[in-house]
Every structure is written in structure tokens, then in C-alpha cells.
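Laboratory data are not the source of any read-out in this text; all were calculated from the coordinates shown. Note that the structure is a prediction, hence the values are computed from the model and not measured. So basically every Cβ, Gly included, is an ideal-geometry build from the backbone, and we count neighbours across all protein chains shown.
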Amino acid sequence: MAIRFAIIYNLVPEVIIVLMMVSAGIRMPSLLLLSSFFLISAFLLRFIWNSAILIHGLGHTLLTAIFDQDLYFITGKNILENRTSLDVLRSCAPFSSVFLPFIAKTNYPWVAAGRATSWRIRVKALGGILFNTFSLGFALLTAPFLVSFLSASDSTKAIVGQFLIQAFVGANLLVIISSLSDVIAVITGEATCFNCGNFGFLGKRLPQDGSELLPARVIDIFNTMGRETELRGEQAGGGVVLARDRAAQIEFVGAKVVNWKRQNLTHFLEAAFATERYRATCVGAKALDSAVVGVWHYRYATSSPPAILETHWHEWMPARYADVWSVEQGRWQYDRKNVSHRITHNGDFDGWMLFGGMIENAHLGLWLERVLHTPNATIGDSPKLAGMMDLLITQGMWDASFRLAYQLVVAESIEEAFGGKTPAKTAPNTAPSVSEIKNWVAIVEPIFLKHHEALLLPYGQSILDISKKHLRQFEQEVWQALSQSPLVSQWTVSKQADFVKTAIYSFFHNNVYQATKLLMSRAKGSFGLVVVSTLSETSLVLSAWGQPMVTGFNVQDEYMIYASEPAAVDAVLSDVPRAYRLDLDQKTGEIAWVGVNHITVYSMLEDRELLGSELEQRWIPLQGNAYILPPEADSKDPVERNLKEIPKVLKAIDVSWSDPTSFNRQSADNLAELLIAKANRWEYKHRATINLKLDNAPHQQSLDLLITGVESSLWVGEQFAQDLALLFPGLTIKTLSANQVLRRLQYDLEGLHLDNASIVLAISQSGQTFPTLQATNAFEELRRQGLIGELFILTGEVCSLMGSAIAQYYYQDSDFTRRIFVNCSGRRSAEPATVSIAATQATLTELLLYLAKRLRQRFSAQGAFGMTLTVAELLTLENLKREFIDRSVVAIIGATVDGESIHSPEHQQIVETGKKWALHILEAPLAWGIQALYVLITVGFQIPFVQTIFRWVFGLADSPVPASLLPLLTFADIFIYIFGAWFWTLGLRYFQGRPLRSRTGKRTLVIGDIAWVHQLLEAYVSKLFSLSYGIASLEVHSSDPQDHMLHHFGHRVVRGTLVLLGVPDGRRSQRRKEDESAVLMTGKQANGVRNFNSGADIVALGHNPAIAHQGFQNAIILPSPITVAPTSDQFRPQQIVLEELRESRFGSFERLLASYVFFWAMAKRVSSFPLLKYQHWKSQSRTRIMTTAAPVSRAAPNLLDRTVKQPSKR
């Protein structure tokens, strides 16, 4: 089929020549002359087409050489757009392979983009289009003269000449139309070729850094950290760097972008940021002499939609000049400084404690507008933090100190700033005016000048080194002077005294660090906060409370980095000797004041700065640390890489559970011991119930095990809970979404039915999914108080925020808590989850089997919790697991446990079937492209298809086309123009061997399998197609064919509906036979909904070869050894349990893995279609990790307010 298409599109030039000759009525006296004319014309047409491509490449090449100042870029390879001269010459020969846009199967010609500065990219991208446009214009201008000249000699030459001119015009026009990558580059300023997280850097400026505001090494670090931080959301982003202006004042140079749907935020932001840095240097900005400070933020919108105004960084008051006092080298210094503060923030800022209560965020913004006399148009919560920093940072500034002091100790309510009215935009502003504050400053400054030398302690080196003795005298004089002020004189004496003391304290103490401490002590919400100021150019302040913040130090190169995403720090420093990481405690709240080579950490819970020895115990070495996994390697297709690594990861899990010293075995032993203790109590109660012949009436029993998580983790956990309850009927097990858990913890703690022996298992691949992490924090506190028995977590790697929450430390010699299960898959960047789900399922299977073996060994005579499986049957499950890992997974994935690709017929069948389904999705754009090319040829060259054919037919008989036929022929051509896309669709279906009568347009996919499988697959496929274009997209649904699938979708089945049915293996047992029959019946009923004798396109997926003969369009048969129990044994309780576990732990798992491969192959083909390419491994918002407080905010679980000591509110 592919060969037939290649032949067709390679003959397009020759078909055009035939149509031209027929339309023009060209005749030759001999067949030899006619053939020669045909071949020469075909050669010229192909030559003209290649010349248009060459003109395009020449434009890109020349402009790249000029604007990159690189004459060596002018090479034949670049002009030919990375095609060889031989390839170009071959494509000029008639009937040979030729590149055609929209329908070509080969890569598009391309030219490297060169230097990636945004404005350069835009100019260079225009080069090819401009050169083609100039050529097109030149041809149109000279065409009349050339045709007139040729007409004078020969009419045939005139026809051919006119045709060649039209061909030249059409070829250049087609190249312009097909240059979509150039247009995108012009718009975005980003190209490599023409075809919500905080992070930052603070380091010593090195000699090799040159004069760049951001040296190349820092940009490399940004790119690395940006790629990792994208997983927290990439809807928008901003970056800012500190510099000096022409007047040697510290200033910010920054940029913000709102990301495009299919754009990479890291590249997009750097293109804009580089342009802004270049613009700043053109007007005199220079790099700092001693340090490089870069601050970035990626945003996933929560409180307001993505917009430049709402994108971080944030500032409230614009940069302004202010009088600032400081102490430099033991002497007072007075300067007129540029003052500006900026913040970036992860989390939610709900409000601030003031006037004896909480001011909610919305009212706080209106209040700040009046207090700071600065309007602000933002609606999000984070900009209010920037306003708060403008209010609270007062050190060395009398006006800011008086403004703050008034609000802290004089004003009694928020309404005072609104003329006594309820806060509103229209209310008057009655906060102290700028002129009133200036009057206070004018009173105090002479007094300060009188005392300032005495106020500074001998040998004092900072403004904080103040003599308390002289301070009291200074306060007294200021009080006496200010009390004469008209406004101040109206206050009570105590208010006057408090006002003076607070203002003076703020003047000496409220630097960026102290101001942040004051902010956080009264704040409500969750905070991963970064504060940077022009008043502190070599340091910044980080805060973590309810949101992560991680710092990393490169000792040898003297720089520190920070990030909300721990992997961003690990990715930069994992290969650096003597590199360390320090995680701020987000649970109790910590604030870090960091410089190039120092850090001060303040504990909000303990209200003190931590000692150096305390921090030393928390340093995490990043080399040779068993708790830290290496960063994920880059890949063009992370989904494909993850799929290929599944056998390797599952084998690693198997090896891990075979090692008694592994983390998993240690944690499993701990859990087994707890269950054994529970089993002893259960056995005692069970015997007592039997002996006393008590009515074991159902009553609300406390939970033995609660499993929690969200989305994929929860669905896998639910299946594990069902299987554990099947194995141990006496266990009381419940699964609950982490969001539901947080609500219950707040409003209905008793409804969770937990007691001091209950065990909780929290599952999260990332170890930082917001609701699961917050639930972990709450459960850990319950555990410490003895309200639950134990808390376990299951994550992708040991080192995680959830691990920190349960007091697991990650320094070299720290003890293992024996409460963490690890699925060995590590960190994964692809949003469509594959290996992480497979690893979690396999880990829970290992846990299930291990607990069964331990409890069977301990209770050999009678089964613990009603367990019926014997040692022999457990060994059967163990053998099934071995068969699954060593054979089934390898055959399905097409890769060995060592990661090597192999040829597997099963894998090949899955991939080919998936690619065939991709043709259903691609038929619309392909038909549209063919129709566009048809219109371009027939209209551009004035050769309407039907009329041309009839002219040729009648020309053979030396007869003109009858005039009576012309209207009909014209109508036929119009009919083709209107319905041509549908005709091409039918033709594509015929050549590709697909059903002809299916509906055209967007396809609907329905996935049918058991609950945990179809839920996972619906999320997986939805993410694979989340960035697809509307013309080549897919609607995804799922349901259980053994239950309600027919009721959900039976009335929605239409011609061409895509249905994937996961079919259990009915050969195993009578129960499986019934399940198989139910699924097949659902499939047949869906297949029976037909119109025009056409219905749904159904693919059955299972182990039983018999499903291939059920009348479905296709069937995928998975490998499976046949081990069927004797009929007499099939109804034994043990055999029923064994078969249920075989299906849920292995059979359905194999269908899940096969479906992963199937839909990946389908999405890969769709996402690779020319002009409609997208990255199928990500979504627009890029929320691989849910780190945002939605739908339950951090403030929701008030249980923490009751059980956890809160940070002091000072």
C-alpha cells in the first residue's frame, strides 16, 4: 500500500504535463517527438520545482550568514536545505522520486536556525519566504514580455513558455504556502530549524562569564532546571536577573511569556528573556561585578487565567528612587537608591492576619492599593504578596517605616483606609497620604542626623548593630517631636509611643529577611516563596510552608541553586563533586536567607534560627547516595522509552523483593509484623465468637487498612485492595481518594473509622502529589499521637517529599524508616503514564505475595484472616509471576529485561494494528491536503479535470467538445471541488483497506475492560492526544463491558466508532468463561448497531485465540501458557481465589501493557503527520505532577490546627 502511494505522488509532475498537453491540444507529427516533448517538459517542471526550493534555501542561508555574522554558513548543503546535489539532480529526472509538501513521506528540507536570539530567528525565518516572493514577483513582471517574444516565433513555444512561467509562479507560491515552520518561527521567535514552579541561581561571577547579564553556563543551568520544572505546569513563565544601570543603580531586567499550546516553555521564555537582556544592555545595563542572580518561575494558573499580567515574577510598586540609609564598612551611608522588590510564589495566599483578624486576599489587594497609593490590575493571589513585601521591607527608609508602623499599631480596622466604609474599589482612600508621611520624615530626619553616629555600636558593621542605650534616648526625642504633629497629636499616648517604637524598629531591622519572617508569621495559605530586592543584590530569601523548596550548593564553583522541584536541583548537581542539597521543611515552615556561599535557616515552628550543626545533619550529598536516583535521560519520545524500559524495571522490582536487605523487603517485613499482630487478635475474637455462638451481626468495624491516592495511583490501589480482601477476607480494607480523605479529616474524622491499630498506605508516583502529600502529613501526625497504628507510602523513588513527611532523612548514613515502598521506576517526565503504572502494579503484586507467604508461614494450621490459599497455590502464583516477567512482558513490549529491543510477532501485531487505527484519524487532514493540491493544480494551471479529460478524448477524434456538454462538464468540476475531499477519503480507505462507509470526521474511541484498566487507558489515551489538532483528534471514553458499557454507549455507536475490547481468557475457569462471554456479547451487540451495513470498528484484545473468530474487525492474541484446572477443582474456594488473582494481577495487566503499546503506536503515527506534528508525551498545561491545592486547599484539613503545633504568629 505504501509503495502504491509512493508511485502516485512521484508521478504528480508527469500527470500535470499530460493534463497541460491535453488541455492545450498539443500535437506532434510523430510519437518520438511527442515523447521527447513530454520528457523535456517533465524535466523542466521538476527543475522549476527544485529551483523554488533552492531559492527558499538561499534566502534562509544568506540572512542567517548576515545576521549571525557567520559567512561560513554559506554552503551548498545549507542552500540545498540539507539535500545532496545528487538527490536534487535525481529528482529532476522524469518518473523519479520527488519531494512534494503535504503528501511526502520523507522529511521536509530544512536549514539550521543558527543563533537562537528571538529577533534573529524571526528575521532569518522570513528569508526563504521573502526570496520566493521576490522570485514570484519578478516572474509575473517579466511574463508578458517573454510570452510576446515566444509567440512571434511559434505558437507551441508560446504555450509551453506560458506554462513554464505559470509553473514557476505556482512552484514558488506552493513553497511559500508550505513554509508553516517559517511562519511559526516568525510569530514565536523560536526554532531549531526552519521546518507552577520556582527555580533560580545565585553564584559568584567568574572571569570566564564575560559581560553577559546571564552567562552561558547559567543559561545551561536554566535549561536543565526548566525541563524538570515543566512537570509542575508550563502555561506561563517569567525570568528576571539583577543588573546595574548607567547610573550604577541596581535594577531588574526581566521578561514574561504566556506559553502557546504546543510550545516548549523553556525555549519560549529564554528567547523572550534573551531579547530583553539584549535590549537592556543596549541602553546601558551591565552585569553585577561580584554575583549572578537569576530568578525564574513556571506557572500553572489557579487564582487567575494565564496572562502576562498574572504571570510571575510579580511587583506591586514600580521601581522608584528612595532615600536609603545603610552601614558600610562601619560608617553610615546615605544614598538615593533604586528600590524595587519582586517575588515568585507557588501555592495559595489566602489572607493575612491584621487588626485582630484575617484579611482575605481580595480585600487585602484593595487595602494595599490605598496604603501604598499604587493601583494594581491583577486579580490573582500572588501579586498581593509583592504588595506586602513593598509594605514590610523598610530597613533604612523612614517613609516606608512610618507607613508600616501606622498600619501595625495605629489603624484599628481595615475600614479606616476606606473612609470607614466596606472595602471596595469605589470607596475613598483615607490611609495616610504621601505628603503626611513626608511630614513625619521631615520631623525625624534632623533628630536622626543628630544621633546616628552614637546609635551605631563601636566596630558595628551593619545597621542592626545599634546601641540600646542611645536607642531609648533617640526614641524619646522622636516621640516628643512627632507628638506635635497635627495628626499624631490626636492619638492616645500609648499609640504615639507604639507608633514611634515600631517605626524605629522597622527602620533598623526590616530587611528582606526580617520582612519575610513577618509576612509568613501572619500569613494563611501555602507558600513556596522567593523574594529578591535591589536592596540586597547578592542574596535572596526562600520560604517553604505547605509547598516544597529545595536548595543545592556547588561548593567548588561557588554557586547555589534552588527549586520547587527537587529533581531540578538533582539534574544540575548530580554529577558535581562536593555538591549538596538542603530541603526546607515545608510541614512546619522554614525561611532561608541565602547567599553565594552561606545560608541561614529560620524555623517558624521553633521561632529561632537553626544552628550550623543542625543544618549539617540535614545536608544531602548527591553523589554515592543510595537514596538519590540519577536524573532521567533526555529522549525525543519519552513514552516509547518508558515502554521499552518496562521489562527492565519489572525485573529490577523482582530482584529488589528477592533481597532481604532491600528497602521494599524491610518495609514489607514491618507491615507483615503489624498484620501478624492483627491476625492474632482477629483469631482470638473469631474463636470467641464461635465458642459463644454470638450473632456476628454487622457493626461498624474499624479499618484495618486504608489505601489513598488520586487518579492513577488510586485506581491501581483499588484493585490491590480488592485482591488483598480476596486473599484475606477477614481484613477490613477501604480505598479513598486523598481529596476525600482531606475533607473527612476536616469535617468527619470519625467517619474514617480509624483506630490506634489502623494502617494507612498512601500511593503517589512523584511523592509530592498535593492532596496525597497533605494527607500524608495529617496521617503522620495522627500516628505520632497514637490515633492510628502505622503509615506507609509507595512512591517512584525513596527520596520524595512524602518520604520527608514521614521523617525519612536522606543524608548518607541516615536510618531507613521501614515505611517506604519503592516501585523502582524513578522520575518520569511523560504525562501519559506507562512504566510508573506498571511498576506500581508489580510492586503491589510483590507485596501481596510476600504478605501471603509471611502470614501462611506464621499461621500454617489455619489461614490468617480467613486465608484459604495453600503454600502450593502461592507457589503457583509465584511461577505465574516469573512467566509474566520473563516471557509475556518481553513479547508484548518487544524488549528484554536488559532493555534490548527484540523482534516479537506479538509486539509487531500490536504496533501494526495501532498504526492502522491511526489512519482513521489521519484521513481527514490527508484528504484535505490532496484536495488542496488538486485545487492548486487545476485552478493555478487552469486545467479543470473533467473538462481537460473530455477535451483530450474529443481531441483524439479531431472533434471539438460539443457546446451543449460544457455546462455539464463545468458542473462536474464544481461538484469535485465541493465534494472532492469526500471522494479522496473514499479513495484512501480503499487503498488502505479500511471500511468505506464509516462516518467522516472526528472519531470516537470507546475502551472496554475491567475498571482499573479502562480508567487508566482512558487517561493515557486522552493525554496522548491532548495536543492533537482538531482535524486529527479523538474523543476518548471507557467503560466496563462486563457491566454498564452497553448502557453507556450502545445508543452512541455509529459507523466508524472505534472500540477496543479487553477480553478475559475464558479457558481458565468457568468464572472466566462467563466473563469472556459477557465481554463478547457486549462487543457483538455494539457490532450489531449498523447503518448502510457498516458499524463500529472493533478490535478484541485477549489471550484466547477463539476471539479472532467472533466477527470483529480485528483481534490481537497475547501470549499465554495453558494451565487449566480440572473441572472438579474449578469450584473449590482456593481455585476460585487463585483464578481471580491470576486475572487481576497478570491477565488484565498484560492487556493493559498491550493497550499501552497499541495506543502509543497509534498516537506516534498521528503526531508525526507533516504540518500537524505535536508532542504526544505532554499536555498543554504540563501538569505531570499535581502540586496545586485543588480541589481541596491546604487550609482545608483543620485537623492539623488541632493536632499540630502551628508556627508562631509574631
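How big is the Cα convex hull of region 915-1179 in projection, averaged over all directions, in nm²?
On the way: hull surface 72.6 nm².
So the Cα hull casts an average projection of 18.2 nm².
Among the listed pairs LYS881/LYS1023; LYS384/LYS425; LYS524/LYS1023; LYS648/LYS734, give every one whose C-alpha distance is greater than 24 Å. Intermediate values should be presented prior to the final figure.
Values: LYS881/LYS1023 30 Å; LYS384/LYS425 16 Å; LYS524/LYS1023 34 Å; LYS648/LYS734 32 Å.
Too far apart for the 24 Å limit: LYS881/LYS1023; LYS524/LYS1023; LYS648/LYS734.
Would you kindly work out the equivalent ellipsoid of region 875-1027 from its C-alpha gyration tensor and give its semi-axes, the square roots of five times the eigenvalues, largest first in whole Å? Write out the running numbers ahead of the final one.
Values: eigenvalues 562, 60, 31 Å².
Each semi-axis is the square root of five times an eigenvalue, giving 53, 17, 12 Å.
Would you list, by chain and number, the lysines whose Cα falls below 29 Å from the Cα of LYS450, excluding same-chain residues fewer than 8 positions away?
LYS337, LYS438, LYS468, LYS469, LYS495, LYS501
How much length is gained on full extension from VAL655 to GLN461, taking 0.36 nm per residue of separation minus their Cα-Cα distance? Numbers along the way, then the final one.
Numbers: separation 194, 0.36 × 194 = 69.84 nm, distance 5.98 nm.
So the chain would gain 63.9 nm between VAL655 and GLN461.
To one decimal place, what Kirkwood hydrodynamic radius in Å is obtained for region 468-579 from all pairs of distinct Cα atoms?
Working: mean 1/r = 0.0563 Å⁻¹.
That comes to 17.8 Å for region 468-579.
If you project the alpha carbons of region 239-351 onto the principal axes, what extent comes out on each, in Å, largest first?
Projected onto the principal axes, the Cα atoms of region 239-351 cover 54, 39, 21 Å.
So how long is each side of region 314-546 along the principal axes, counting just the alpha-carbon atoms, biggest first, in Å?
Principal axes ranked by extent give 46, 43, 28 Å for the Cα atoms.
Using the Cα atoms of region 881-957, I'd like the radius of gyration and the largest Cα-Cα distance, Dmax, both in angstrom.
Every Cα atom of region 881-957 included, Rg and Dmax give 24.9, 77 Å.
How do PHE222, PHE1146 line up, fewest other C-beta atoms within 10 Å first? Kindly include the intermediate steps, with their values, before the conclusion.
On the way: PHE222 24, PHE1146 21.
Result, fewest neighbours first: PHE1146, PHE222.
In whole Å, how far is the Cα centre of region 218-242 from that of region 425-502?
For region 218-242 versus region 425-502, the Cα centre distance is 43 Å.
Among the aspartates and glutamates, which have Cα under 16 Å from the Cα of LYS77 when same-chain residues fewer than 8 positions away are ignored?
ASP87
In the calculated pair distance distribution of the chain, what percentage of Cα-Cα distances lie above 62 Å?
Percent of Cα pairs beyond 62 Å in the chain: 25.
Along the Cα-to-Cβ line of THR896, 7 Å from the Cα, sits a label point; which residues in region 634-660 have backbone N less than 14 Å from it?
Of the residues in region 634-660, 647-648 have backbone N under 14 Å from the label point off THR896.
Step through the residues of region 771-782 one at a time and calculate ³J(HN,Hα) from phi using the Karplus curve (6.51 cos²θ - 1.76 cosθ + 1.60, θ = phi - 60°), rounding each to whole Hz and writing x for Gly and Pro.
x, 5, 5, 5, 5, 4, 4, 5, 5, 5, 5, 4
Would you mind getting me the FRET efficiency between LYS438 and LYS286? Use the beta-carbon distance for r and R0 = 35 Å, nearest 0.05.
The computed FRET efficiency comes out at 0.60.
Reachable aspartates and glutamates from LYS256, Cα under 13 Å, same-chain residues fewer than 8 places away excluded?
GLU234, GLU270, GLU276, GLU310, GLU315
Per DSSP H run of at least 4 residues, take -39500 (n - 2.57); add these up for the chain, divide by its residues and hand me the 222 nm value, nearest 500 deg cm²/dmol. List each step's numbers first, then the result.
Numbers: 38 runs with 564 residues, N = 1210.
Roughly -15000 deg cm²/dmol at 222 nm, from the helical runs in the chain.
Taking every alpha carbon pair in region 752-905, what does the distance histogram look like in 10 angstrom bins from 0, in percent?
10, 28, 32, 24, 6, 0
Provide the FRET efficiency to the nearest 0.05 for the SER35-THR75 pair, computing r from the beta carbons and using R0 = 41 Å.
On the way: r = 39 Å, r/R0 = 0.94.
After rounding to 0.05, the efficiency reads 0.60.
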